[in-house]
Amino acid sequence: MRLLLALAFASTIATSCYHVRTVANPETQRHNIPTSQTAWVLFWGLAQPRILAPECKSEAFQDVRTSTNLGYALLTVVTLGIVCPLDVEYTCAKPCEVIPTPQ
């Protein structure tokens, strides 16, 4: 029993955060410094937050990275999935160049 508890404790301590990154076009350069905020997903994903980015002039994201850490994972486990915090970091895309067409 002690071995099982020690193994469970060691696996909890040894876990680290995870990251998921979505990139629109990996060949373009970032337009500005990444912006980050914490999003709270509630009730097993039934209440999902909307990430608003009024500073993005192009109204598009270049890349989005979501991550969690051990504290967030423990909070999610303790609340049985009712509360799930995530760190969201995004970078705005460069505005598209509009080329006028000859008429």
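Scanning region 86-96 for residues that are free of Cβ contacts under 8 Å to residues at least 60 places away in the same chain and either of a type in the set (Val, Ile, Thr) or crowded, with 16+ Cβ neighbours inside 10 Å (or both) yields Leu86, Asp87, Val88, Tyr90. Residue count for region 53-78 under the criterion of being touching a His at 6+ places or on another chain (Cβ under 8 Å) and closer than 18 Å to Ala39 by Cβ: the result is 3. Restricting to region 13-39, and then to whatever is more than 10 Å from the chain's Cα centre (by Cα) and surrounded by 13 or more Cβ atoms within 10 Å (Cβ to Cβ), can you tell me which residue is modelled with the highest pLDDT? Top of the filtered list is Pro34.
The values are calculated or read from the model by the stated rules, or taken from the named source; none is laboratory data. If you're wondering where the values come from, they're calculated on a predicted model, not measured in any experiment. Heads up, the Cβs are rebuilt from the backbone with ideal geometry, glycines too, and the neighbour counts pull from every protein chain shown.
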